[in-house]
Amino acid sequence: MDITKFMTVIEDLVVNGGAISPEEALIELGDYIEHLDPTHEDYDKSVVLLMRIAASMWKQQRLSP
């Protein structure tokens, strides 16, 4: 999926419903990471990327009024 389509889908989820709370998203990311195959060659890279996304969400949540 190209970045334009990706951002369009995200905006649609936010505007029309379907987005989950930041807390739920963090739980979902944790569950997703738990189910990744640690023997896959990109496992470490994928986990680091997902953890960085989770950290960004956590930071944003804490900064939101």
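When region 1-12 is filtered for residues that are open to solvent by 90 Å² or more (accessible area, probe 1.4 Å), in a helix (DSSP H, G or I) and not aliphatic (A, V, I, L, M), the ones remaining, listed by number, are 4, 5, 6, 11. Among the residues making up region 13-65, those that are assigned to a helix (DSSP H, G or I) and among the charged types (D, E, K, R) are 23, 24, 28, 31, 34, 44, 45, 52, 59, 62.
Of the residues making up region 43-65, those that are over 11 Å from the mean Cα position of the chain (by Cα) and at pLDDT below 90 are 59, 60, 61, 62, 63, 64, 65. Taking the conditions exactly as written (out of contact with any Leu (no Cβ under 8 Å at 6 or more places or on another chain) and closer than 17 Å to residue 10 by Cα), does residue 22 satisfy them or not? In short, yes.
Within region 13-42, can you find the residues that are at pLDDT 95 or above, over 16 Å from the mean Cα position of the chain (by Cα) and open to solvent by less than 100 Å² (accessible area, probe 1.4 Å)? The answer is 37, 38, 42.
The values are calculated or read from the model by the stated rules, or taken from the named source; none is laboratory data. In this text the structure is predicted, and so the values were computed from the model without any measurement. Ideal geometry is used to build each Cβ from the backbone, glycine not excepted, and the neighbour counts take in all protein chains shown. Heads up: the accessible areas ignore ligands, DNA and RNA and are worked out on the full protein's heavy atoms, side chains in. Shrake-Rupley method; radii C 1.70, N 1.55, O 1.52, S 1.80 Å.
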